[in-house]
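S.K.: I have a structure here, written as structure tokens, and I will follow up with some questions on it.
The values are calculated or read from the model by the stated rules, or taken from the named source; none is laboratory data. Remember, it's a predicted structure, so these values are computed and weren't measured experimentally. Glycine gets a Cβ as well: all are built from the backbone with ideal geometry, and neighbour counts include every protein chain shown.
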Amino acid sequence: MQLKPIVLNVLFFVSFLIVSCQEKKTLPFLGPKETRVSAGKVDTIYHQIPAFRFLNQDSVWVSDQDMAGKIYIADFFFTSCPTICPKMKTQLLRIYDRYASNDAVRILSHSIDPAFDTPSVLNQYAKRLHVKAPRWNMLTGDKAAIYKLGEKSYMVTAQEDKNEAGGFVHSGAFILVDKNRHVRGIYDGTQEVEVNHLIEDIEILLQEK
Amino acid sequence: MKNILAIGLIVLFASCQSKEEILYQQYVVEGRSIYEKNCSNCHQSDGSGLRDLYPPLAKTDLWKRVSQEQLVCIIKQGQKGNSQVNGKPYAGYMPANAKLEAIDMAELVTFMQDQWGNKKVYSFDEAKAALKNCR
């Protein structure tokens, strides 16, 4: 049977469509959205991480300005954490090692026990993990500011709880933030499979302009 | 016919396993799940530790240097201050595992010895006595 040229063309076009759809996988914008009407047009304002400023393990200020144009992964932990933090750090190390030579990808680990986790404690911790700023910043600062940022902006739980081992409850989430500080993905940082997805999504974000 | 013979041989072999051998295998299986729950977060499933932050358990001098009694007390009460593994110092602390009882300790230590130390059972009675004598 001979296929007519037109059928071939349609087949070609459909397969082209399928291929281009797969290539153009995009990530959602997470968090509350606002719509604003101006000059008859409807604009969607996506949830954005607000301005912040914390000290890192080298006692250097790290702010939202430093993250401009960077993709970053945020998480919440504390150095004396006996439960899920070591698992999270094991997984973050995979990301750190993978993007060791890519300046566009950063990690921000916020301490939720900043009174204990001073810059010098974080410095020791980072050294023992063999990681360095600015690729991986371990942040400390005003406790209320860290908790508020965690809950309101990164949409994770972080609070003191005397009944919990180590004295704090917090989620094991990794939050993927794009170049414009929009949250584009949230992953369970204690699960290797979930972190595989995170790495796939970082690759997608890196293609975004 | 061949099948029946094979099954017969297996049954015969299984029943030949001594009581101690069966107990040992049970302890190793139970111990593994206790290890996964309480220890592997830091020391990793394969006992390799995490860089210079958490010391390894596999291929270490611990199994010659630290007695089973000491080990049980370290697991139960945790550890503060510096420790040394393979001659390398590790800072920080290890959290207590107050919920682990004698039977858990027997299974856990048996599992760890099976993996990294002498393949010998650590009995419930020994674990119980060790826990009593922790300072």
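S.K.: Quick one: which residue in A:126, A:115 is within 13 Å of residue A:78 (Cα to Cα) and within 12 Å of chain B (Cβ to nearest Cβ)?
M.R.: Numbers: A:115 fails: within 12 Å of chain B (Cβ to nearest Cβ).
On inspection, the qualifying residue turns out to be A:126.
S.K.: How many residues are at the interface with chain A (Cβ under 9 Å from one of its Cβ atoms) and either surrounded by 19 or more Cβ atoms within 10 Å (Cβ to Cβ) or in a helix (DSSP H, G or I) (or both) when one looks only at region B:44-60?
M.R.: The total comes to 3.
S.K.: Let me ask something else about it. Looking at this structure, is residue B:64 away from chain A (no Cβ under 14 Å) and either surrounded by 17 or more Cβ atoms within 10 Å (Cβ to Cβ) or outside any loop (DSSP other than H, G, I, E, B) (or both)? Break it down stepwise before answering.
M.R.: On the way: away from chain A (no Cβ under 14 Å): yes; either surrounded by 17 or more Cβ atoms within 10 Å (Cβ to Cβ) or outside any loop (DSSP other than H, G, I, E, B) (or both): yes.
Here the answer is yes, as residue B:64 does meet what is asked.
S.K.: Pairs, please: C-beta under 6 Å, at least 6 apart or cross-chain, first residue crowded, with 22+ Cβ neighbours inside 10 Å and in region A:172-185, second among the hydroxyl-bearing types (Ser, Thr, Tyr) and part of a strand (DSSP E or B)?
M.R.: Here the result reads A:174/A:187; A:177/A:72, each pair linking region A:172-185 to a residue that is among the hydroxyl-bearing types (Ser, Thr, Tyr) and part of a strand (DSSP E or B).
S.K.: Considering B:100, B:71, B:108, which residue is within 25 Å of residue A:87 (Cα to Cα), buried (at least 17 other Cβ atoms within 10 Å of the Cβ), at pLDDT 95 or above and within 14 Å of another protein chain (Cβ to nearest Cβ)?
M.R.: Going through B:100, B:71, B:108 in turn, the sole match is B:100.
S.K.: Please determine, by comparing only the residues of region A:105-125 that are under 19 Å from the mean Cα position of the chain (by Cα) and of a type outside the set (D, E, K, R), which one is farthest from residue A:52 (Cα to Cα).
M.R.: Per the stated criteria, the residue is A:105.
S.K.: Another one. Using beta carbons and a limit of 6 Å, which pairs, at least six apart or on different chains, have the first residue in region A:75-94 and surrounded by fewer than 21 Cβ atoms within 10 Å (Cβ to Cβ) and the second one of a type in the set (Gly, Ala, Ser)?
M.R.: Pairs that qualify, where the first residue is surrounded by fewer than 21 Cβ atoms within 10 Å (Cβ to Cβ) and the partner is of a type in the set (Gly, Ala, Ser), are A:82/A:165; A:82/A:166; A:83/A:165; A:84/A:172.
S.K.: Moving to a separate point now. Every residue in region B:67-93 that is without any contact (Cβ under 8 Å) to a residue 24 or more places away in the chain and outside any loop (DSSP other than H, G, I, E, B), please.
M.R.: B:70, B:74, B:79, B:84, B:89
S.K.: Kindly establish whether residue A:103 is farther than 22 Å from residue B:53 by Cβ and either among the charged types (D, E, K, R) or in a helix (DSSP H, G or I) (or both). So that I can check it myself, show each step before the final result.
M.R.: Working: farther than 22 Å from residue B:53 by Cβ: yes; either among the charged types (D, E, K, R) or in a helix (DSSP H, G or I) (or both): yes.
Against the criterion (farther than 22 Å from residue B:53 by Cβ and either among the charged types (D, E, K, R) or in a helix (DSSP H, G or I) (or both)), residue A:103 qualifies.
S.K.: For residue A:189, state whether it is touching a residue at least 24 places away in the same chain (Cβ under 8 Å) and touching a Cys at 6+ places or on another chain (Cβ under 8 Å).
M.R.: no
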